[in-house]
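Here is the structure we will look at, set down as structure tokens.
The values are calculated or read from the model by the stated rules, or taken from the named source; none is laboratory data. In this text the structure is predicted, and so the values were computed from the model without any measurement. Virtual Cβ from ideal backbone geometry, glycine too; neighbours counted across all protein chains shown. All accessible areas refer to the heavy atoms of the entire protein, side chains included, with ligands and DNA or RNA removed. Shrake-Rupley method; radii C 1.70, N 1.55, O 1.52, S 1.80 Å.
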Amino acid sequence: MGTTASLRLAATADLHLRPAVAGKFRPGFLDLDRHADLLLLAGDLTEGGTVANTELLCAELADLPVPVVAVLGNHDHDENRGEFITRRLTDTGVVVLDGDSTVLTLCGHRIGIAGVMGGSGGFPGHPGDPERGSAEHRARMRRGPVDARRLRQALDGLDCATRVALTHFAPVVETLAGERESIYPGLGCHALGEAIDAGRATLALHGHAHAGSECGRTEGGVPVRNVSYPVLRRTYAVYDLAVDARRVRPPSP
Ligand SMILES: [Fe+2]
Ligand SMILES: [Fe+2]
């Protein structure tokens, strides 16, 4: 494969693998190298984080023709099996990020990916209350700002110009449009967007907001894409990422 001026990123999230959808994504994934140079997965890959659904996920992702990098989502932790899911995905060839990063050389270009699950915490105009709600709700509220710091550190550790921030929770409100505003604080965290700007990301990808919108932008101008499968309504979106330039072209049809 020769050197090109752009990389093709395929991305999706919220597959919620379960028997009812097993095999649904496999044909598109096997065809990935015709459309993209890598696949990024932004969490909630299993329904309920069960062992059985993890195996369905791994069957979906086995032996794909492009590298695959993922973060887990809140539902992947429903049964406290995050380490198990990470291990099984790693066995399957997927790089799973959690507060760290990876660098790939694709088409002659180095691309860095920094990933965290993220958490909630709210946004200006849509603040969250970390003292209210269930224990799980409060834990998510605490995790948002903590994971924002971890994302910033992971981005800062990347020594390449093209840097993608991969999270499950949303970093901006723009890509939540379509969701009820009352649940915005639970869907993401402004601190994630600040980390993406401070860490000079080229592009940010997230999931979690099933009824949100695909396209947004941080305050600092970094393009944000909500790649939740129910938003995309296709197995994955493909974005042409111009290398050595801080912009992303519109999604391919
Ligand atoms: Fe989800
Ligand atoms: Fe989620």
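Can you list the residues of region 137-156 with backbone N under 17 Å from a point 7 Å past the Cα of R200, pointing along Cα to Cβ? So the set is 152-156. For region 65-135, the list of trypsin sites (Lys or Arg not before Pro) that fall in a loop by DSSP and count at most 12 other C-beta atoms within 10 angstrom reads R132. Legend: translational diffusion of the chain by Stokes-Einstein, Rh = Kirkwood radius over C-alpha pairs, 4 °C, 1.567 mPa s; D = 73 µm²/s.
Normalised size of region 130-216, defined as Cα radius of gyration per 2.2 N^0.38 Å with N residues, equals 1.10. By definition, a body whose alpha carbon gyration tensor gives a ≥ b ≥ c is oblate when a/c is 1.5 or more and a/b is not larger than b/c, and region 1-150 fits this oblate description. The distance linking region 121-144 with region 188-203 is 18 Å (Cα centroid to Cα centroid, whole angstrom). With all protein chains kept in place, the per residue accessible area of the chain amounts to 41 square angstrom at a probe of 1.4 angstrom.
Rolling a 1.4 angstrom probe over region 6-242 with all protein chains present gives an accessible area of which 47% lies on carbon and sulfur atoms.
Given a Förster distance of 35 Å, report the FRET efficiency between N80 and A242 from their Cβ-Cβ distance, rounded to the nearest 0.05. So the FRET efficiency works out to roughly 0.30.
Taking label positions 7 Å along the Cα-Cβ direction at both D98 and R34, the computed distance is 3.6 nm, reported to one decimal.
Relative contact order for region 35-165 using alpha-carbon pairs under 8 Å, separation at least 6, rounded to a whole percent? The normalised contact order for region 35-165 reaches 22 percent.
In this simple spin-label approximation, D129 and A177 carry label points 7 Å from Cα along the Cα→Cβ vector, and these lie 2.9 nm apart.
Based on DSSP, what percent of beta bridges with both residues in region 117-231 are antiparallel, to the nearest 5?
35 percent
Have a look at the DSSP beta bridges in region 6-242 and tell me what percent are antiparallel, nearest 5. If I count the DSSP bridges inside region 6-242, around 40 percent turn out antiparallel.
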